1. Please compute, over every Cα-Cα pair in segment 48-134, the percentage with a separation greater than 15 angstrom.
2. Report the charge-dipole magnitude of segment 97-147 in Debye, nearest 20, computed about the Cα centre from +1 at each Lys and Arg Cβ and -1 at each Asp and Glu Cβ.
3. Using only protein heavy atoms and a 1.4 Å probe, report how much of His134 is accessible, in Å² to the nearest 10.
4. Between Glu52 and Arg150, what length comes free when the chain is fully extended (0.36 nm per residue of separation minus the Cα-Cα distance, one decimal in nm)?
5. Just read off the accessible area of Lys139 with the full protein assembly in place, 1.4 Å probe, to the nearest 10 Å².
6. Rounded to a whole number, what % of the accessible area of segment 30-179 do carbon and sulfur atoms account for, probe 1.4 Å?
7. Could you give the nm distance between label points at Lys69 and Lys120, where each point is 7 Å from its Cα heading toward the beta carbon?
8. I want to check the label-to-label distance for Lys127 and Glu45. Put each point 7 Å from Cα in the C-beta direction and report it in nm to one decimal.
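The values are calculated or read from the model by the stated rules, or taken from the named source; none is laboratory data. Everything numeric here is computed off the predicted structure, so don't read it as measured data. Here the Cβ positions follow ideal geometry from the backbone for every residue, glycine too, while neighbour counts run over all protein chains shown. Note: accessible area is taken over every heavy atom of the protein model, side chains too, but ligands, DNA and RNA are not part of it. Shrake-Rupley method; radii C 1.70, N 1.55, O 1.52, S 1.80 Å.
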Amino acid sequence: MNKVFAFLGIAAMLVLSGCDHAEKAAESAPTEMDMMSMHHSDSGEIPKGLKEAMSPTYHVGEDVVIHAKHMSGMNGATGKVVGAYDTIAYSVTYTPTNGGKPVKNHKWVIQEEIKDAGSKPLEQGAKVILEADHMEGMKGAQATIDTANRTTVYMVDYTPAKGGAPVKNHKWVVERELSERLYKS
């Protein structure tokens, strides 16, 4: 009888340790947003009608430090400005066309990346269709405008602060998300 109890005890410990391992694996698995950020488009193509900035704070070729949390490893990353444009930048909430949960407060989509946006700023709460293709499932998605800011937006190349592959042509960061890189390598 003791052998049966010993066998059952060992079997129970194995089952429970397997569950604990599965729970830990699920906790460390990438979230849906992390997975989306892995598919960032690196196209340097700019939307039709977008105008280069007349007096940008940061100029093409200038080294910068990024202070944004749009993607993992972005905050504190060093990079280089590859484009500066005057436009209206929006944060938006949208549901990806390829399924999944809504993406809240995505920063940034610009005026020229919104279907039939015209030239006037869109109001907070306006329902729009995105033409931006920054992330998988973004192009053609229905979105709601969360905020609008007339500003200079920048396209940047950067190396993630926590290591990893360099990111090319990240669209978009705004001036308040950048600072001058004091020490150049």
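1. Numbers: 2502 of 3741 pairs.
Summing the P(r) tail past 15 Å for segment 48-134 gives 67 percent.
2. 200
3. 10
4. On the way: separation 98, 0.36 × 98 = 35.28 nm, distance 1.39 nm.
Extending this stretch completely gives an extra 33.9 nm.
5. 120
6. Carbon with sulfur: 50 percent of the solvent-accessible area.
7. 3.6
8. Each label point is offset 7 Å from its Cα along the Cβ direction, giving 2.9 nm.
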